[in-house]
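First comes the structure, then the notes that go with it.
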Amino acid sequence: MLALLRLSQVIDFLNERLGRIANWLVLFACLISAGNAMSRYAFDLSSNAWLEVQWYMFALIVMLGASYTLQRNEHVRVDILFLNLSPRGQLWIDILGAILFLLPACFILGWLSWPFFYQSYQVGEWSGNAGGLIRWPIKFVLPLGFALLALQGISELIKRIGALNGYVAVGARYERPTQ
């Protein structure tokens, strides 16, 4: 179990670093969006490449941020039962959710997104827009993101099983969002 917990720490470290990159990409996407709008309206200059860079950043934010969000226990959950359960019951809900839903969904979506990327890579796909960007690198973000989310799901599963057996305390506590 200790080796698995060490693996969990490595996965957590990786996804934490990628999550920080996703956080910075939010700022960069806003700056590029503002700069692009300013250049378009103030100077009558526009570039499809800058628009596509924004889209690419958004894809990176979502796909890199998903595993980071899961690690921080800030993902959306249906809390009708969860908040009324004991801490041990909550661990079981997380374990069953990971095994029955999260990991199979990541596997299926990663599997289905791979040919989408690979076909684009084989033909060296570029944007159809004038001045657009190469497409296959951003299409690779789909299977990569689902693989990272699955890895984080495995990490969370390891931590929950470790917590049930008394090896570790799971620090992340879910709180109902304030609305």
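Here are some notes:
- Inter-residue pairs, beta-carbon under 9 Å, first surrounded by 13 or more Cβ atoms within 10 Å (Cβ to Cβ) and in region 81-95, second of a type in the set (S, T, N, Q) and part of a helix (DSSP H, G or I), 6+ apart: F82/Q90
- Considering region 32-61, the residues that are among the hydroxyl-bearing types (S, T, Y) and surrounded by 11 or more Cβ atoms within 10 Å (Cβ to Cβ) include one that is nearest to F101 (Cα to Cα), namely Y56.
- Condition check for R20 on (1) farther than 18 Å from A150 by Cβ; (2) surrounded by 14 or more Cβ atoms within 10 Å (Cβ to Cβ); (3) under 17 Å from the mean Cα position of the chain (by Cα): one failure, at (2).
- For region 2-9, the count of residues that are basic (K, R), free of Cβ contacts under 8 Å to residues at least 40 places away in the same chain and either outside any helix (DSSP H, G or I) or within 24 Å of L149 (Cβ to Cβ) (or both) is nonzero.
- Enumerated helices (runs of 4 or more DSSP H) restricted to region 81-179, each holding at least 3 residues that are small (G, A, S): 103-123, 136-164
- Residues (farther than 16 Å from L70 by Cβ and either in contact with a Gly (Cβ under 7 Å, 6 or more places away or on another chain) or modelled with pLDDT of 95 or more (or both)) located in region 143-179: P143, V168
- Looking across region 121-142, the residues that are closer than 22 Å to L18 by Cβ and at pLDDT 90 or above come down to Y121, W136, P137, I138, K139, F140, V141, L142.
- Some residue of region 62-70 being out of contact with any Leu (no Cβ under 8 Å at 6 or more places or on another chain), under 17 Å from I161 (Cβ atoms) and surrounded by 15 or more Cβ atoms within 10 Å (Cβ to Cβ): no
The values are calculated or read from the model by the stated rules, or taken from the named source; none is laboratory data. Model, not experiment: these values are computed from the prediction. Virtual Cβ from ideal backbone geometry, glycine too; neighbours counted across all protein chains shown.
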